[in-house]
Ligand SMILES: C[S@@+](CC[C@H](N)C(=O)[O-])C[C@H]1O[C@@H](n2cnc3c(N)ncnc32)[C@H](O)[C@@H]1O
């Protein structure tokens with residue numbers, strides 16, 4: 001492909017991506033409550049539990065997600081998908097993958113966990129500890145071992161640094177023990193590079 005064609009292809013792909021984000025957020029009435037992205041310091045602690053050679057699917061992530069970036073740096077093959085690019089987790093599945101790692105949308109937690117458990121493959125999903133107050137995890141994991149990687153400090157998803165809940169990885173068939181307590185090094189200035197995807201929508 002010559003340089004001109006390559007340039008047009010890049011512009012076309014960018015345009016498609018921007019329109020997908022625009023359409024998605026319009027459809028959501030610009031409620032961006034799901035758009036809380038995970039900082040790198042909350043991604044790193046899960047990496048050591050992923051078996052070498054796994055193909056990791058990040059189903060709520062773009063190329064700018066700290067999951068995608070850190071997993072690739074650690075040498076994993078990564079499949080990533082996101083509603084912005086028209087890949088709805090509830091209908092889309094990559095052809096090859098071994099394990100799911102991500103932070104899912106908070107608003108459809110129950111359905112996300114049900115679908116993950118139905119796949120029958122290992123997963124680790126970052127989720128609010130408040131969810132344990134709900135009956136949903138009890139019902140969804142009934143008869144299955146819910147594993148928890150519990151952090152000592154709260155994860156700050158944006159620059160406001162006012163997160164009213166702690167977060168843990170809710171896992172299945174993933175951790176060496178059912179409960180692991182882990183210290184994290186919080187860096188309140190660290191923000192996910194995935195916020196770049198939303199920059200142009202800030203005036204929405
Ligand atoms: C809590 S955010 C976390 C994003 C990213 N995984 C991270 O940790 O930085 C959840 C993301 O899932 C996206 N999302 C919502 N519904 C989705 C769906 N049905 N399929 C794929 N992505 C979805 C949201 O737009 C949002 O960007």
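Throughout, read-outs are computed from the coordinates displayed, never taken from laboratory work. Computed from a prediction, not measured in an experiment: that's the story for all the values here. Backbone-built Cβ (ideal geometry, glycine too); neighbour counts: all protein chains shown.
So residue 138 ticks every box in (1) in a loop (DSSP other than H, G, I, E, B); (2) out of contact with any strand residue (DSSP E or B) (no Cβ under 8 Å at 6 or more places or on another chain); (3) exposed (fewer than 14 other Cβ atoms within 10 Å of the Cβ) but one. Which box is left unticked?
(1)
For segment 109-163, give me the residue count where each residue is free of Cβ contacts under 8 Å to residues at least 40 places away in the same chain, over 26 Å from residue 93 (Cα atoms) and within 13 Å of the ligand (Cβ to nearest atom).
Residues meeting the conditions: 1.
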